[in-house]
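> Handing you a structure now.
The values are calculated or read from the model by the stated rules, or taken from the named source; none is laboratory data. Keep in mind that this is a model prediction, so the values were computed, not measured. Counting neighbours? That spans all protein chains shown, and the Cβs are built from the backbone with ideal geometry, glycine included. For accessibility, only protein heavy atoms count, side chains too; no ligands or nucleic acids. Shrake-Rupley method; radii C 1.70, N 1.55, O 1.52, S 1.80 Å.
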Amino acid sequence: MHDSLLQLLVDPLLKTPLLLDVSQRGSQGEILEGALRNAAGQVYPIQRGIPRFLLCTDDKQAQTAASFGFKWGQRHTYESASMQAATRKWLIKRYGFANAGAMETYFQTRRRILDAGCGSGFSAALWMNPAWTGTEWIGVDISAAIDVARERLSSLPGTHLVQADLLQLPFGIGSFDTIFSEGVLHHTPSTEIALKSLAPYLVPGGEFLFYVYRRKGPVREFSDDHIRGLVSSLPPQEAWETLRPLTRLAKALSELDTEVEIPEDIPYLGIKAGRYDVQRLLYWHFAKLYWNNAYSFEENNHVNFDWYHPQYAHRQSEEEIRRWCAEVGLTIVHLDTEEMSGFTVRAIRS
């Protein structure tokens with residue numbers, strides 16, 4: 001932890017200054033081990049250079065954090081060149097950038113970025129590159145994935161890491177000109193509360209970029225909740241193994257390479273008329289049976305695990321997203337709607 005981060009930190013609940021105790025510094029003067037404490041005596045450890053503000057008392061949030069800590073620790077299931085290329089393309093399209101260079105330039109020229117729910121730093125690494133010159137980037141995550149992010153990004157200039165709950169952040173109001181939250185808000189106790197809690201950390205004119213799940217059709221919603229109810233109660237490794245048959249079914253359906261014609265809309269199932277690949281039809285409308293031929297089996301299983309194991313995985317409507325943004329003074333300047341996945345938003349704080 002560097003002194004520049006220390007200047008930003010306050011007590012996550014009281015929003016009061018913190019006192020520093022240092023037990024070990026690194027060769028560059030960075031704080032490796034120690035503690036932060038508030039005037040009331042509450043102590044927050046600094047371990048491996050990361051201040052840790054873990055106050056979570058919600059069992060479902062703790063389970064969700066454990067799920068993501070496990071998932072992001074399986075680096076062999078998401079770091080292939082094909083998965084990185086596909087995810088970079090996905091980010092560029094959904095957030096409305098012209099190309100990879102435009103995305104990199106955007107983040108490089110911001111003043112201070114909060115990556116709210118950075119996980120292992122996977123998304124950030126797709127727009128940071130060896131030429132990253134050090135605009136301040138603060139990655140926050142509630143899970144043990146923060147230590148994977150340390151391995152990935154801590155050598156880049158201007159990067160800082162904090163382990164904390166997004167609903168109890170150790171920063172002052174108006175600390176950032178950019179908040180980026182890729183697929184995280186819906187994994188908190190409330191997507192609405194998370195969005196509204198984060199908005200005040202933006203300066204006026206600051207930009208909030210986020211992606212959240214969209215509510216699906218009735219059969220898909222039922223199946224997803226049913227499977228999640230069974231799988232999320234399992235330890236992460238057991239859940240990973242339990243989802244293998246589902247991923248194998250997705251693969252088998254994809255290998256059929258067969259299409260079916262839906263002759264007319266079926267509104268009560270949320271299905272529109274048209275021609276569908278059988279695997280995609282079932283994946284979009286009946287259960288999350290994800291398969292991508294460009295990925296390995298483990299990478300595909302990673303995607304299905306990501307969906308089914310966390311207990312918190314809320315889905316939203318466009319009307320809710322627009323209303324929540326308006327209620328906290330966020331003006332939406334870009335909204336990308338993926339019919340069967342979610343909403344990607346860029347909004348400016350008034």
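> Hey, which of the helices (runs of 4 or more DSSP H) in region 236-350, taking only ones fully inside, have at least 3 residues that are of a type in the set (Gly, Ala, Ser) and either at pLDDT 95 or above or open to solvent by 30 Å² or more (accessible area, probe 1.4 Å) (or both)?
Per the criteria, 244-256.
> May I ask you to verify whether residue 210 is in contact with a strand residue (DSSP E or B) (Cβ under 8 Å, 6 or more places away or on another chain) and either modelled with pLDDT under 95 or not aliphatic (A, V, I, L, M) (or both)?
yes
> Here's another thing I want to ask about it. Find the residue count for region 196-213, including only residues that are assigned to a strand (DSSP E or B) and either in contact with a Cys (Cβ under 8 Å, 6 or more places away or on another chain) or buried (at least 18 other Cβ atoms within 10 Å of the Cβ) (or both).
9
> Okay, next question. Looking for something among the aromatic types (Phe, Trp, Tyr) and within 12 Å of the chain's Cα centre (by Cα) - is there at least one such residue anywhere in region 172-193?
yes
> Out of all the residues in region 279-322, which are among the hydroxyl-bearing types (Ser, Thr, Tyr) and in contact with a Pro (Cβ under 7 Å, 6 or more places away or on another chain)?
312
> Exactly one of these conditions fails for residue 147: (1) over 15 Å from residue 65 (Cα atoms); (2) of a type in the set (Asp, Glu); (3) part of a helix (DSSP H, G or I). Give me its number.
Only one criterion is unmet by residue 147, namely (1).
> Here's a follow-up. I'd like the full set of residues that are under 20 Å from residue 347 (Cα atoms), in contact (Cβ under 8 Å) with a residue 24 or more places away in the chain and open to solvent by 30 Å² or more (accessible area, probe 1.4 Å), limited to region 78-109.
Listed by number, the residues that qualify are 93, 96, 104, 108, 109.
> Then there is this: When you scan region 170-180, do you find a residue that is in a loop (DSSP other than H, G, I, E, B), touching a strand residue (DSSP E or B) at 6+ places or on another chain (Cβ under 7 Å), open to solvent by less than 10 Å² (accessible area, probe 1.4 Å) and more than 19 Å from residue 84 (Cα to Cα), even just one?
Within region 170-180, one or more residues are in a loop (DSSP other than H, G, I, E, B), touching a strand residue (DSSP E or B) at 6+ places or on another chain (Cβ under 7 Å), open to solvent by less than 10 Å² (accessible area, probe 1.4 Å) and more than 19 Å from residue 84 (Cα to Cα).
> With the checklist (1) assigned to a loop (DSSP other than H, G, I, E, B); (2) under 22 Å from the mean Cα position of the chain (by Cα) in hand, flag the one item residue 14 doesn't pass.
(2)
> Here's a check for you: in region 214-235, which residue that is in a helix (DSSP H, G or I) and among the charged types (D, E, K, R) is surrounded by the most Cβ atoms within 10 Å (Cβ to Cβ)?
The selected residue is 220.
> Going through region 22-34 one residue at a time, which ones are over 18 Å from residue 139 (Cα atoms) and touching a Leu at 6+ places or on another chain (Cβ under 8 Å)?
Selection gives 24, 25, 26, 34.
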